[in-house]
Amino acid sequence: TSALACAAVGSAVVGLFGGAPLGLAGPGLAATAVLADLARAHGPAGLALASALCGASQLALGALGAGRVARLVPVPVVHAFALGAGATAVLACLPDALGLGLPATRDAPQLADHVITHLGDVHPVALTMATLCGVAAWLGGRGGRRGRAPLLAVTACAVVTAAARLDV
């Protein structure tokens, strides 16, 4: 989950300070927090089942032509939803990215309070990994082939963490 948290925090940093298109944004970023919680609660089998059901639902909705209904939703509503979903996903991943662990409840106010209360307990290795992934995402979004640098950075952080047996 550390690599996933680094990717989410990196996307947020680039989104706030960058201006470059990201490989993970909008619905994908919102799904990240949901999938991370699913993986924690139900393991790889539950994650695979949920992913298969989501894919089947998307295929069914596409076959039914549900996209025509989506055109009726005003653009500001879509933007507000994406912003809220992204902020929620970043807030959900922030405790992991800072090495703080998760509070008992994962509601937005409790998560924010948990992060603010435990700022002095930030794990330096986790913060370094999240920062490196954020910088790689920012720099990678500036180049011609977007998506490769952030993916490599997240992979490198995960490999270094596992190889060095870092407590993140």
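Computed from the coordinates by the stated procedures, all read-outs in this text should not be read as laboratory data. Keep in mind that this is a model prediction, so the values were computed, not measured. Positions of Cβ are backbone-derived with ideal geometry, glycine not excepted, and every protein chain shown enters the neighbour counts.
Couple of notes before you dig in:
- ³J(HN,Hα) computed for each position of the stretch 43-59 - Karplus, 6.51 cos²θ - 1.76 cosθ + 1.60, integer Hz, glycine/proline x: x, x, 5, x, 5, 5, 5, 4, 5, 5, 5, 5, x, 5, 5, 5, 5
- Loop-located trypsin sites (Lys or Arg not before Pro) in the stretch 44-125 whose Cβ has at most 10 other Cβ within 10 Å (DSSP): Arg71
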